[in-house]
Amino acid sequence: MTDKTIMLGMFQAMGLGGAWRLPGNTSTEFLDLDHWITMAMRLDEAGVDFLFFADDYAYPIMNGQVIDVAIKEALLFPKADPVTLLSALAAVTTKLGLVVTSSTTIEKPQALAKRFATLDHLSKGRIGWNVVTGAGQNSSAKLFGEKMIPHDERYALAEDHLQLAMKLWQGSWEDGALKVDKENNVYADPSMVHEIEHDGPYFQAHGLLTVPPSPQRTPVLFQAGTSTKGRDLASRYAEAVFLAAEPDMMAEQIADLRARAVSHGRAPDAIKFLIAGTFITAETEEEALALRERMIGFNTLEGAAAAYAFFTGLDLLSMELDKPLSTVKTEQGRTNVERFAGENGKPAPTVREILEEFRRNGVMGQPFIGTPAQVVDQAKAVIAQTGADGFLVQPGPDGTYDDFIDLLMPVMRERGLIAPPASAGTTLRERIFGAGQKRLPHDHPGAQYLAGAEVLTG
Ligand SMILES: Cc1cc2nc3c(=O)[nH]c(=O)nc-3n(C[C@H](O)[C@H](O)[C@H](O)COP(=O)(O)O)c2cc1C
């Protein structure tokens, strides 16, 4: 068992949660700003480290057609744009980190850099960016009227994107360039503000970020997607990684990512790992198990197949149910194909088993279920087994984190698993890596782009 304290982030999308049909579930209020303000204030007060919003432009399709059950039952649909929420949530919180996904396949780095720099100012340095190439590539490519970019090329594009964004954040303004000297009519020293050069394989830029440097400059870089190429990107650039799989597989992924980070000249603990987890607790184990069954009771195999198609582009219902996946080649997301390929000497699950796993748990892996004491024991065991640094917590049956905060966090605190709530706000990077760590660390590839530190080259 481990005695380290862990981090807690909360998972959201600006849409409906899986348990939206349960009476009392509040996620149908996702277009009401008050819903989000209430949630963020509660998390801030409870001492949760950050609130994360997943996002993409996609929805489940198969053979180019919208899958009706996805629209009917609200599977990975609908979705609004969570970036619009963040300055409102920054205004009503002081400590909570705010992390949001933006896709490197869809966004332009220059526009993304400006948006995140602004949000980092408005939140006093509490912003994180979840860097993804993106789930649901087939429908989002269709929406944008573009050809789907092949899987590995999307990751090459992501690296180029990230390098350009980091140059803008780190390299446009030297520290001290901002003067705001009204008497002498000097806002900024032009000799200390620079156009950056970027001549990459996908993006070219010669220009500067018009936003003065924010507290963190570069937002904390999160990554999700554990395909081979995803790991490659994460090991070079990510500061935190979201994982979702069985514990033995996550243990292997974490060890692999740590070793790769070291091979890129980064510290062994340069990346924090957060396990995406569902926590179902009640006074008795029976009640918790019953609650779990109620939560997933509405989930159908047809819906599970639509969700699997969203992540992978593969149609499980067209395959033989009692055999393993008949194809593992996809240009869509690979994480949930590689996850069921039978690694670590285990036999690959059958299509029927994959469908049932997706019906029950989706992309999230096994839930933690039981009394608060049992759940905290399970959580501690998984942290010890995998070497992870914390959890990314799914909302409870009511769409909130009230049970997690009221029932689990006190037991976690009592047992030393989480720290007492912070008394003052810091930047998100300091919250994760400790006092004084506002900026990218020296061993991060983005640190070299700092203006005034070194001449920039494409
Ligand atoms: C906890 C968690 C959160 C994720 N959030 C997003 C997200 O917000 N948007 C997205 O497109 N993909 C998200 N992903 C990653 C996708 O599932 C997908 O793996 C990735 O974008 C495609 O890359 P791949 O081929 O490496 O799987 C998330 C994954 C996990 C485990």
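The values are calculated or read from the model by the stated rules, or taken from the named source; none is laboratory data. Computed from a prediction, not measured in an experiment: that's the story for all the values here. A quick note on method: Cβ atoms are made from the backbone with ideal geometry, for glycine too, and the neighbour counts reach across all protein chains shown.
Scanning region 312-367 for residues that are surrounded by fewer than 16 Cβ atoms within 10 Å (Cβ to Cβ) and among the hydroxyl-bearing types (Ser, Thr, Tyr), which turns out nearest to the ligand (Cβ to nearest atom)? Looking at residues that are surrounded by fewer than 16 Cβ atoms within 10 Å (Cβ to Cβ) and among the hydroxyl-bearing types (Ser, Thr, Tyr), I get THR327. Quick check on ALA135: is it surrounded by fewer than 19 Cβ atoms within 10 Å (Cβ to Cβ) and within 20 Å of the chain's Cα centre (by Cα)? The answer is no for ALA135.
Consider region 215-245. How many of its residues are near the ligand (Cβ under 9 Å from one of its atoms), under 15 Å from ALA388 (Cβ atoms) and part of a loop (DSSP other than H, G, I, E, B)? Here the count works out to 3.
Condition check for ILE149 on (1) over 30 Å from TRP20 (Cβ atoms); (2) within 16 Å of the ligand (Cβ to nearest atom); (3) part of a helix (DSSP H, G or I): one failure, at (3). Any residue in region 401-412 that is assigned to a loop (DSSP other than H, G, I, E, B) and modelled with pLDDT of 95 or more? Among the residues of region 401-412, at least one is assigned to a loop (DSSP other than H, G, I, E, B) and modelled with pLDDT of 95 or more, which makes the answer yes. Of the residues contained in region 154-167, one or more are found to be out of contact with any Gly (no Cβ under 7 Å at 6 or more places or on another chain), closer than 29 Å to ALA447 by Cβ and more than 16 Å from the ligand (Cβ to nearest atom). If you check THR210, THR218, THR228 for being crowded, with 23+ Cβ neighbours inside 10 Å, of a type in the set (S, T, N, Q) and in contact (Cβ under 8 Å) with a residue 40 or more places away in the chain, only one passes: THR218. When the residues of region 260-277 are filtered to those that are crowded, with 22+ Cβ neighbours inside 10 Å and over 15 Å from ARG236 (Cβ atoms), the one that is nearest to the ligand (Cβ to nearest atom) is ALA276. Could you identify the single residue in ALA419, ALA435 that is part of a loop (DSSP other than H, G, I, E, B), in contact (Cβ under 8 Å) with a residue 40 or more places away in the chain, touching a Ser or Thr at 6+ places or on another chain (Cβ under 8 Å) and surrounded by fewer than 21 Cβ atoms within 10 Å (Cβ to Cβ)? Criteria check complete, one pass: ALA419.
Tell me, please, whether a residue that is outside any helix (DSSP H, G or I), crowded, with 24+ Cβ neighbours inside 10 Å and either within 16 Å of the ligand (Cβ to nearest atom) or modelled with pLDDT of 95 or more (or both) can be found in region 190-201. No, that holds for no residue.
Taken as a whole, the condition of being touching a helix residue (DSSP H, G or I) at 6+ places or on another chain (Cβ under 9 Å) and either within 16 Å of the ligand (Cβ to nearest atom) or in contact (Cβ under 8 Å) with a residue 24 or more places away in the chain (or both) does not apply to THR284. If you filter region 246-259 down to residues that are without any contact (Cβ under 8 Å) to a residue 60 or more places away in the chain and over 25 Å from ARG439 (Cβ atoms), you find that the one that is farthest from the ligand (Cβ to nearest atom) is ALA259.
In region 289-297 there is no residue matching the filter, namely being in contact with a helix residue (DSSP H, G or I) (Cβ under 6 Å, 6 or more places away or on another chain) and either closer than 30 Å to LYS114 by Cβ or within 11 Å of the ligand (Cβ to nearest atom) (or both).
Among the residues of region 371-400, those that are farther than 23 Å from LEU243 by Cβ and either assigned to a loop (DSSP other than H, G, I, E, B) or of a type outside the set (A, V, I, L, M, F, W, C) (or both) comprise THR371, PRO372, PRO397, ASP398, GLY399, THR400. The C-beta contact set for region 150-166 (first residue closer than 10 Å to PRO201 by Cβ, second residue of a type in the set (S, T, N, Q), distance under 7 angstrom, 6+ apart or interchain) comprises LEU157/THR104; LEU157/THR105. Does region 269-281 include one or more residues that are in contact (Cβ under 8 Å) with a residue 24 or more places away in the chain and farther than 30 Å from ASP403 by Cα? Yes; the residues of region 269-281 include at least one that is in contact (Cβ under 8 Å) with a residue 24 or more places away in the chain and farther than 30 Å from ASP403 by Cα.
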